[in-house]
Amino acid sequence: MHRKLVVANWKMHGSLAANQQLLEGYIQRLKPLENVDVVVCVPYPYLGQAQSLLQGTSIAWGAQNLSKDLAGAYTGEVSVAMLQDFGATHVIVGHSERATAYCESDENIATKFMQAKSHALTPILCVGETLIEREAGVMEMVVAKQIDTIISMYGASMFAGAVVAYEPIWAIGTGLAATPEQAQAMHEFIRGRIAAHDKDAANSLKILYGGSVNSQNAVQLFVMQDINGGLIGRGSLNAEEFEGICRAAN
Ligand code: PGA
């Protein structure tokens, strides 16, 4: 139903020299992939570098955050228009590492999502529960609240053509990925939650899985019906490993 999407999330890794090598590795290795879209989300200062190296290739680039405001006296913030100045097509919104470290509320995240969406930049909304929440059996409630905040503030149609990444916090960077069945169950729940308000939006939404995806476990995850691709942290920092993940999606 959906063309797969694989998104690299470099987090706060890289340097001009290291990025050049990594991106050249991506370009060389990912050239023959026809059934998967690949996006690399780089730290802000490297957007220009990504643009100059990736322009004209099949690999798109984006950022890991954006401001909820459009312009003004917001020291240290980066607006949607600035990202678009550098050709960004995607932006990660509400990653759990930011939400916890920088106290981002669901409402702020929803506004960032809306800003990206209404300026034709594809938002990648991260949702997911902690281990304590999963063990308590409230994971669906937690994820539902994150999704519902956007629905109640801006409407379910905001999700049309957007991307949600289900990233259980206990699976991020731990080497312990969710099982394909755990991920599929949550993806189905997310799609259903949105479909209850807007079927078309739910059907056009891509839902990625993120959290310790590697070239070994990627196929089993990507074959699940509601898993439309992956958001890849550590596995994207090595071109060969990332190629394996993208090939699994392809
Ligand atoms: P990971 O990170 O692949 O290193 O677990 C995923 C993410 O945080 O987006």
Q.
Please go through (1) more than 21 Å from A160 (Cα to Cα); (2) crowded, with 24+ Cβ neighbours inside 10 Å; (3) aromatic (F, W, Y) for F113 and return the number of the only condition it doesn't satisfy.
A. (1)
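Residues are listed down the side, and each one gets a yes or a no for (1) out of contact with any Gly (no Cβ under 7 Å at 6 or more places or on another chain); (2) within 16 Å of the ligand (Cβ to nearest atom):
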{"residue": "T130", "(1), (2)": "yes, yes"}
{"residue": "Q146", "(1), (2)": "yes, yes"}
{"residue": "S152", "(1), (2)": "yes, no"}
{"residue": "G155", "(1), (2)": "yes, no"}
{"residue": "A160", "(1), (2)": "yes, no"}
{"residue": "A165", "(1), (2)": "no, yes"}
{"residue": "G173", "(1), (2)": "no, yes"}
{"residue": "A177", "(1), (2)": "no, yes"}
{"residue": "Q184", "(1), (2)": "yes, no"}
(Q) Could you check region 131-167 and list, in sequence order, the residues that are open to solvent by less than 10 Å² (accessible area, probe 1.4 Å) and out of contact with any helix residue (DSSP H, G or I) (no Cβ under 7 Å at 6 or more places or on another chain)? (A) V163, A165
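Identify the residue in region 186-217 that is within 16 Å of the ligand (Cβ to nearest atom) and not in a loop (DSSP other than H, G, I, E, B) and, among all such residues, is surrounded by the fewest Cβ atoms within 10 Å (Cβ to Cβ).
H187
Here is a yes/no grid of residues against (1) farther than 30 Å from V223 by Cα; (2) open to solvent by 50 Å² or more (accessible area, probe 1.4 Å):
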| residue | (1), (2) |
| --- | --- |
| H13 | no, yes |
| A17 | yes, yes |
| N35 | no, yes |
| A63 | no, no |
| V91 | no, no |
| A99 | no, no |
Q. Out of region 93-112, which residues are within 16 Å of the ligand (Cβ to nearest atom) and part of a helix (DSSP H, G or I)?
A. S96, E97, R98, A99, T100, A101, I109
Q.
Condition first: free of Cβ contacts under 8 Å to residues at least 60 places away in the same chain and either out of contact with any strand residue (DSSP E or B) (no Cβ under 9 Å at 6 or more places or on another chain) or among the hydroxyl-bearing types (S, T, Y) (or both). Now tell me which residues in region 30-52 satisfy that.
A. K31, P32, Y44, P45, Y46, G48, Q49, S52
Q: Among the residues of region 52-71, write down those that are outside any loop (DSSP other than H, G, I, E, B) and not β-branched (V, I, T).
A: S52, L53, L54, A60, W61, G62, A63
(Q) Within region 67-86, does at least one residue satisfy the condition of being over 18 Å from L16 (Cα atoms), within 16 Å of the ligand (Cβ to nearest atom) and in contact (Cβ under 8 Å) with a residue 40 or more places away in the chain? (A) no
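Inspect all residues belonging to region 38-51 and state whether any of them is part of a loop (DSSP other than H, G, I, E, B) and open to solvent by 50 Å² or more (accessible area, probe 1.4 Å).
Initial filter on region 38-51 (part of a loop (DSSP other than H, G, I, E, B)): 42-43.
Still in the list and also open to solvent by 50 Å² or more (accessible area, probe 1.4 Å): none.
Checking region 38-51: not a single residue is part of a loop (DSSP other than H, G, I, E, B) and open to solvent by 50 Å² or more (accessible area, probe 1.4 Å).
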Q.
Cβ-Cβ distance below 9 Å, separation of 6 or more or different chains: which pairs start in region 156-185 with a residue that is among the aromatic types (F, W, Y) and end on one that is within 13 Å of the ligand (Cβ to nearest atom) and open to solvent by 30 Å² or more (accessible area, probe 1.4 Å)?
A. W170/L176
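The values are calculated or read from the model by the stated rules, or taken from the named source; none is laboratory data. No experiment lies behind these values; they were computed from the predicted model shown. For neighbour counting, all protein chains shown are included, and Cβ atoms are generated from backbone atoms with ideal geometry for every residue, glycine included. Calculation scope for accessible area: heavy atoms of the full protein, side chains included, ligands and nucleic acids excluded. Shrake-Rupley method; radii C 1.70, N 1.55, O 1.52, S 1.80 Å.
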